[in-house]
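Nothing in this text is a laboratory measurement; each read-out follows from the coordinates by a stated rule. Bear in mind that the values here come from a model prediction, so they are computed numbers and not experimental data. All Cβ positions, glycine included, derive from the backbone under ideal geometry; neighbour counts span all protein chains shown.
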Amino acid sequence: MKAISIGMLGLGTVGSGVVTIIENHQDKLMHQVGCPIKIKKILVNNINKPRAVEIPQELLTTNANEILEDPEIDVVIEVMGGVDHTKGYLLKALQQKKHVVTANKDLMAVYGTELHTVAAENGCDLFYEASVAGGIPILRSLVDGLASDRILKMMGIVNGTTNFILTKMTKQGAAYAEVLKEAQELGFAEADPTSDVGGLDAARKMTILATLGFSMKVDLDDVKVQGITQITEDDLKYAKQLGYTMKLLGIASRDEDDKVEVSVQPTLLPENHPLASVNDEYNAVYVFGDAVGETMFYGPGAGSLPTATSVVSDLVGVIKNMRLGVNGRSAVTPQYPKKLKSADEIFSKYFLRLHVYDEVGTFADITGIFSKHKVSFEKILQMPLKRKETAEIVLVTHHASLKDYEEILNELKDLPAVKEIKCSYRVERGERG
Ligand code: NDP
Ligand code: HSE
């Protein structure tokens, strides 16, 4: 039977894994799709660079058109990264009636809708399982596995680098900068890790998850983002003392009126929450469905072979569709118009750490502000600080609206008794927060 020819854009970490899996699993793949899979050409920056896989030199090119304009190439696998010029390549591939598989979350989070439209117009598949949580088949699980359910909430540890950093800081007391360097050396972090530690990488992934899970076009700008750079050893110490674990968590929730909230922020989870035990560079996505209840998808969120597993599984999906003649029909058109929750519709508990002047009336002034907004405390600790006349207050609130909580923070800032607001984090429980 005639082989399916593929062209690859990129032969780095993920690309090398793709080549390895296609070579090592050829029998299994052949059984799945009924024909051999042949890599015809691979675009790289530098043909002479040493490669992690053995590849005949004549397969490499620096001219994208050798792939995009080759009528024999049926599928383009994009594992080169980048946004604007990569988008141009993928649009051209689709216009040339080539199916596209990509691992590129930066691209799909921003231009997913445009690429889907062009794919559908040209009868092509556009699959991107590897773009969220690397080796975990979470997108298929949302779109197919949970197709019959109404997803109410998703909480994801979707960035391996920050999970690695927070795990080492919490469990070994390691210093932030040192662990970030280790994550870079191990290859989890992006070339420029700003988007990892600043939360943007997780926000891109949450944009994709929310769009598919809620069947609503959520945009990257709709995601409230806070990274991990400001987290201190003391924050982690007090969180632990109160029975919590800190994670950089993507949270996407929808209410009965199909209003949604999507955010990425350092969040405290009770130590017995299933996400609290997801450590090191591992990822997990907790999904709460109206009918199914709690589910959790766990696995490696990055790395050569895990990510390539998702890429090659997408390739299998494309070829199966080719056999059935149904390519270009699986694009998911959003069912709901976008409706975002306002700050008075987002409810959560909060962890707050304050340094205050240890004087008569201080505590009453602070509690007075919370009482005015009808927000009560679940837990509270007060310790004297080394510097005389000051004390540290650590508290966890009961549920409060974001609007009330932000007003409380503003009022605390202006209170003479408060020396400094040291930190404030969201606290999550589970299906309803
Ligand atoms: P790498 O930097 O390891 O590899 C990129 C590859 O693309 C290299 O082979 C490079 O060529 C080639 N390339 C890059 N830009 C160009 C260009 N303008 N023209 C020609 N060739 C180019 O990246 P990764 O493999 O780590 O990541 C690839 C994609 O997968 C990204 O979108 C990333 O976000 C995504 N991803 C990565 C994961 C991971 O664990 N690494 C996990 C999930 C998704 P050369 O080798 O010659 O320099
Ligand atoms: N830098 C990303 C992470 C790679 O740390 O999760 C996988 O998308």
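Miscellaneous remarks
- Ellipticity estimate at 222 nm from DSSP helix runs (n ≥ 4, -39,500 (n - 2.57)) divided over the chain, nearest 500: -10500 deg cm²/dmol
- Between region 327-370 and region 38-78, the Cα center-to-center distance that results, in Å: 48 Å
- Couplings 3J(HN,Hα) of region 354-366, computed from phi: 10, 9, 10, 7, 7, 10, 4, x, 4, 5, 5, 5, 5 Hz, in residue order, whole Hz [Karplus 6.51 cos²θ - 1.76 cosθ + 1.60, θ = phi - 60°; x for Gly and Pro].
- Cross-link reach is defined here as a Cα-Cα straight distance under 29 Å, omitting same-chain residues fewer than 8 places apart; for LYS419 the lysines meeting it are LYS224, LYS237, LYS240, LYS247, LYS349, LYS372, LYS374, LYS379, LYS386, LYS388, LYS403.
- Beta bridges by DSSP in the chain, antiparallel share as percent, to the nearest 5: 70 percent
- Cα-based equivalent ellipsoid of region 336-433: semi-axis lengths in Å, sorted from largest, via gyration tensor: 28, 14, 11
- Computed on region 45-173, with alpha-carbon pairs under 8 angstrom and 6+ residues apart, the relative contact order is 16 percent.
- Tail beyond 22 Å, pair distance distribution of region 129-281 (Cα, percent): 40 percent
- Our compactness index for region 19-116, the C-alpha radius of gyration over the empirical 2.2 N^0.38 Å, is 1.13.
- Here each label is just a point 7 Å from Cα along the line to Cβ, and for LYS379 and THR333 those points are 4.9 nm apart.
- Shape analysis of the chain based on the Cα gyration tensor places the equivalent ellipsoid semi-axes at 46, 23, 17 Å, largest first.
- Across the cross-link table entries LYS205/LYS338; LYS49/LYS87; LYS92/LYS320; LYS98/LYS338; LYS28/LYS87, which are compared at the Cα atoms, the separations over 27 Å belong to LYS98/LYS338; LYS28/LYS87.
- Chain lengthening between ASP149 and ALA291 when straightened (0.36 nm per residue, less Cα-Cα): 50.5 nm
- Net charge dipole size for region 116-182 [Lys, Arg +1 and Asp, Glu -1 on Cβ; Debye, nearest 20]: 400 debye
- Quotient of Cα Rg and 2.2 N^0.38 Å for region 136-175, N being how many residues it contains: 1.72
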